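Just below is one structure, and these are the notes that go with it.
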Amino acid sequence: MCRDSQAAAERIKGGKRMTGKRVDYITWDEYFMGVALLSGRRSKDPSTQVGACIVSQDNKILSMGYNGFPKGCSDDEFPWGKENEKEDPYNSKYFYSTHSELNAILNYRGGSLEGSKLYVTLFPCNECAKAIIQSGIKTIVYREDKYADTPAVMASKRMLNAAGVRYYQYQSTGHKIELEV
(Lines give C-alpha, C1' and ligand atoms only; values in the text may rest on other atoms or scores of the structure.)
Protein backbone atom coordinates (compact mmCIF):
# COMPACT_ATOMS: atom_id res chain seq x y z
CA MET A 1 0.00 0.00 0.00
CA CYS A 2 1.41 3.35 -1.02
CA ARG A 3 0.98 5.84 1.79
CA ASP A 4 1.91 8.91 -0.26
CA SER A 5 -0.70 11.61 -0.51
CA GLN A 6 -2.55 12.54 -3.68
CA ALA A 7 -0.35 15.63 -3.88
CA ALA A 8 2.70 13.41 -4.37
CA ALA A 9 1.17 12.23 -7.63
CA GLU A 10 1.04 15.77 -9.01
CA ARG A 11 3.92 16.95 -11.14
CA ILE A 12 4.86 19.91 -13.30
CA LYS A 13 5.49 19.31 -17.01
CA GLY A 14 6.12 22.15 -19.41
CA GLY A 15 4.84 24.68 -16.87
CA LYS A 16 1.48 22.88 -16.65
CA ARG A 17 0.27 21.00 -13.64
CA MET A 18 -0.23 17.31 -14.43
CA THR A 19 -1.94 14.91 -12.08
CA GLY A 20 -0.92 11.27 -12.07
CA LYS A 21 -2.87 8.36 -10.77
CA ARG A 22 -3.75 8.17 -7.11
CA VAL A 23 -0.98 6.50 -5.12
CA ASP A 24 -2.75 5.92 -1.81
CA TYR A 25 -5.09 3.20 -3.04
CA ILE A 26 -5.42 -0.07 -1.15
CA THR A 27 -3.82 -3.33 -2.28
CA TRP A 28 -5.80 -6.34 -3.48
CA ASP A 29 -5.11 -8.11 -0.18
CA GLU A 30 -6.36 -5.09 1.79
CA TYR A 31 -9.44 -4.86 -0.42
CA PHE A 32 -10.45 -8.51 -0.18
CA MET A 33 -9.67 -8.85 3.53
CA GLY A 34 -11.70 -5.67 4.01
CA VAL A 35 -14.61 -7.30 2.17
CA ALA A 36 -14.27 -10.39 4.40
CA LEU A 37 -14.23 -8.21 7.53
CA LEU A 38 -17.25 -6.25 6.32
CA SER A 39 -19.09 -9.50 5.50
CA GLY A 40 -18.45 -10.70 9.04
CA ARG A 41 -20.31 -7.64 10.31
CA ARG A 42 -23.51 -9.22 8.92
CA SER A 43 -23.28 -12.07 11.46
CA LYS A 44 -25.84 -11.99 14.27
CA ASP A 45 -23.53 -14.03 16.53
CA PRO A 46 -22.90 -11.94 19.66
CA SER A 47 -19.46 -13.45 20.36
CA THR A 48 -17.88 -14.34 17.01
CA GLN A 49 -18.22 -12.55 13.67
CA VAL A 50 -16.35 -14.27 10.85
CA GLY A 51 -16.43 -13.22 7.20
CA ALA A 52 -15.17 -14.79 3.99
CA CYS A 53 -14.61 -13.61 0.43
CA ILE A 54 -13.76 -15.90 -2.51
CA VAL A 55 -11.95 -14.34 -5.47
CA SER A 56 -10.96 -15.57 -8.91
CA GLN A 57 -7.41 -15.75 -10.21
CA ASP A 58 -7.98 -12.40 -11.95
CA ASN A 59 -9.14 -10.67 -8.74
CA LYS A 60 -12.90 -10.76 -9.27
CA ILE A 61 -15.15 -11.36 -6.27
CA LEU A 62 -16.99 -14.65 -6.76
CA SER A 63 -18.81 -15.03 -3.45
CA MET A 64 -18.99 -13.90 0.16
CA GLY A 65 -20.25 -15.41 3.39
CA TYR A 66 -20.48 -14.95 7.13
CA ASN A 67 -21.25 -17.21 10.07
CA GLY A 68 -24.93 -17.67 10.82
CA PHE A 69 -27.88 -20.01 10.74
CA PRO A 70 -29.08 -21.70 7.54
CA LYS A 71 -31.84 -20.16 5.45
CA GLY A 72 -35.22 -20.69 7.07
CA CYS A 73 -33.78 -21.04 10.58
CA SER A 74 -34.81 -17.93 12.47
CA ASP A 75 -32.10 -15.87 14.15
CA ASP A 76 -34.64 -15.28 16.92
CA GLU A 77 -35.63 -18.92 17.52
CA PHE A 78 -32.28 -20.72 17.50
CA PRO A 79 -29.74 -20.27 20.30
CA TRP A 80 -26.73 -17.99 20.00
CA GLY A 81 -25.23 -19.01 23.32
CA LYS A 82 -22.47 -21.45 24.08
CA GLU A 83 -22.53 -21.34 27.87
CA ASN A 84 -24.48 -24.58 28.48
CA GLU A 85 -22.86 -26.57 25.68
CA LYS A 86 -21.93 -29.53 27.92
CA GLU A 87 -25.22 -29.58 29.88
CA ASP A 88 -27.54 -29.03 26.93
CA PRO A 89 -25.77 -29.13 23.56
CA TYR A 90 -29.04 -28.47 21.71
CA ASN A 91 -29.22 -25.09 23.41
CA SER A 92 -25.85 -24.07 21.95
CA LYS A 93 -25.16 -22.39 18.61
CA TYR A 94 -22.66 -25.06 17.54
CA PHE A 95 -25.19 -27.56 16.18
CA TYR A 96 -26.91 -24.89 14.08
CA SER A 97 -24.47 -22.27 12.85
CA THR A 98 -22.90 -22.44 9.38
CA HIS A 99 -19.36 -21.09 9.11
CA SER A 100 -18.51 -18.20 6.80
CA GLU A 101 -16.28 -20.29 4.53
CA LEU A 102 -18.99 -22.87 3.88
CA ASN A 103 -21.59 -20.14 3.37
CA ALA A 104 -19.34 -18.44 0.80
CA ILE A 105 -18.88 -21.75 -1.06
CA LEU A 106 -22.61 -22.53 -0.95
CA ASN A 107 -23.57 -18.97 -1.95
CA TYR A 108 -21.52 -19.20 -5.16
CA ARG A 109 -23.83 -19.42 -8.17
CA GLY A 110 -21.25 -19.62 -10.94
CA GLY A 111 -19.38 -22.58 -12.34
CA SER A 112 -16.23 -23.86 -10.70
CA LEU A 113 -14.22 -22.40 -7.83
CA GLU A 114 -11.15 -24.28 -9.10
CA GLY A 115 -7.98 -22.25 -8.54
CA SER A 116 -9.70 -19.49 -6.56
CA LYS A 117 -8.51 -17.77 -3.40
CA LEU A 118 -10.36 -17.52 -0.08
CA TYR A 119 -9.94 -14.54 2.22
CA VAL A 120 -11.26 -15.33 5.70
CA THR A 121 -11.02 -13.56 9.03
CA LEU A 122 -10.42 -16.75 11.07
CA PHE A 123 -8.47 -19.86 10.06
CA PRO A 124 -10.88 -22.55 8.76
CA CYS A 125 -11.88 -25.53 10.90
CA ASN A 126 -11.56 -29.12 9.69
CA GLU A 127 -15.14 -29.24 8.36
CA CYS A 128 -14.66 -26.08 6.31
CA ALA A 129 -11.27 -27.37 5.11
CA LYS A 130 -13.06 -30.37 3.57
CA ALA A 131 -15.41 -28.08 1.63
CA ILE A 132 -12.54 -25.79 0.62
CA ILE A 133 -10.54 -28.72 -0.76
CA GLN A 134 -13.52 -30.28 -2.54
CA SER A 135 -14.53 -26.95 -4.12
CA GLY A 136 -11.09 -26.46 -5.70
CA ILE A 137 -9.99 -23.38 -3.75
CA LYS A 138 -6.18 -23.34 -3.93
CA THR A 139 -5.16 -20.49 -1.60
CA ILE A 140 -6.39 -19.30 1.80
CA VAL A 141 -5.49 -15.90 3.23
CA TYR A 142 -6.53 -15.76 6.87
CA ARG A 143 -6.44 -12.90 9.37
CA GLU A 144 -6.39 -14.72 12.73
CA ASP A 145 -5.51 -18.23 13.89
CA LYS A 146 -6.57 -18.05 17.52
CA TYR A 147 -7.58 -21.73 17.60
CA ALA A 148 -4.28 -22.99 16.13
CA ASP A 149 -3.76 -25.50 18.95
CA THR A 150 -7.20 -27.12 18.70
CA PRO A 151 -7.74 -30.53 17.10
CA ALA A 152 -10.11 -28.99 14.51
CA VAL A 153 -7.51 -26.55 13.19
CA MET A 154 -4.63 -29.02 13.40
CA ALA A 155 -6.70 -31.51 11.35
CA SER A 156 -7.59 -28.69 8.95
CA LYS A 157 -3.94 -27.86 8.33
CA ARG A 158 -3.08 -31.53 7.87
CA MET A 159 -5.75 -31.92 5.17
CA LEU A 160 -4.92 -28.61 3.47
CA ASN A 161 -1.22 -29.55 3.34
CA ALA A 162 -2.01 -33.01 1.94
CA ALA A 163 -4.30 -31.51 -0.72
CA GLY A 164 -1.79 -28.84 -1.75
CA VAL A 165 -3.91 -25.90 -0.62
CA ARG A 166 -1.61 -22.99 0.18
CA TYR A 167 -2.41 -20.81 3.17
CA TYR A 168 -0.80 -17.79 4.73
CA GLN A 169 -1.61 -15.16 7.31
CA TYR A 170 -2.64 -11.73 6.13
CA GLN A 171 -0.09 -9.11 7.13
CA SER A 172 -2.00 -6.10 8.35
CA THR A 173 -0.77 -2.77 7.04
CA GLY A 174 -2.55 -0.87 9.79
CA HIS A 175 -4.32 1.12 7.09
CA LYS A 176 -7.63 2.44 8.42
CA ILE A 177 -10.57 2.41 6.04
CA GLU A 178 -13.59 4.43 7.09
CA LEU A 179 -17.03 3.98 5.59
CA GLU A 180 -20.09 6.03 6.31
CA VAL A 181 -23.23 4.22 5.25
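Assorted remarks:
- Test for residue 111: is it farther than 19 Å from residue 37 by Cα and of a type outside the set (Ser, Thr, Tyr): yes
- Flag if residue 155 is over 24 Å from residue 42 (Cβ atoms) and aliphatic (A, V, I, L, M): yes
- All positions within segment 163-181 that are of a type in the set (S, T, N, Q) and under 15 Å from residue 36 (Cα atoms): 169, 171, 172
- Across segment 97-126, the number of residues qualifying as over 22 Å from residue 46 (Cβ atoms) and of a type in the set (Asp, Glu) comes to 1.
- Spans of strands (runs of 3 or more DSSP E) in segment 65-181 with at least 1 residues loosely packed, with under 13 Cβ neighbours inside 10 Å and not basic (Lys, Arg): 166-169
- Scope segment 26-47; condition in contact with a strand residue (DSSP E or B) (Cβ under 8 Å, 6 or more places away or on another chain) and either in a strand (DSSP E or B) or of a type in the set (Ser, Thr, Tyr) (or both); matching residues: 39, 43
- Pairs where the first residue, in segment 65-85, is closer than 16 Å to residue 47 by Cα and touching a residue at least 24 places away in the same chain (Cβ under 8 Å) and the second is assigned to a loop (DSSP other than H, G, I, E, B) and among the aromatic types (Phe, Trp, Tyr), C-beta under 7 Å, 6+ apart: 69/78; 69/96; 75/69
- Restricting segment 28-47 to residues that are at pLDDT 95 or above and hydroxyl-bearing (Ser, Thr, Tyr) leaves a set whose member that is surrounded by the most Cβ atoms within 10 Å (Cβ to Cβ) is 39.
- Tally of residues being basic (Lys, Arg) and in contact with a helix residue (DSSP H, G or I) (Cβ under 9 Å, 6 or more places away or on another chain) across segment 107-137: 2
- Selected residue (only one of 101, 144, 114 is over 19 Å from residue 61 (Cα atoms) and among the acidic types (Asp, Glu)): 144
- Some residue of segment 51-63 being in contact (Cβ under 8 Å) with a residue 24 or more places away in the chain, basic (Lys, Arg), in a loop (DSSP other than H, G, I, E, B) and surrounded by fewer than 20 Cβ atoms within 10 Å (Cβ to Cβ): no
The values are calculated or read from the model by the stated rules, or taken from the named source; none is laboratory data. No experiment lies behind these values; they were computed from the predicted model shown. Neighbour counts run over all protein chains shown; Cβ positions are idealised from the backbone, glycine included.
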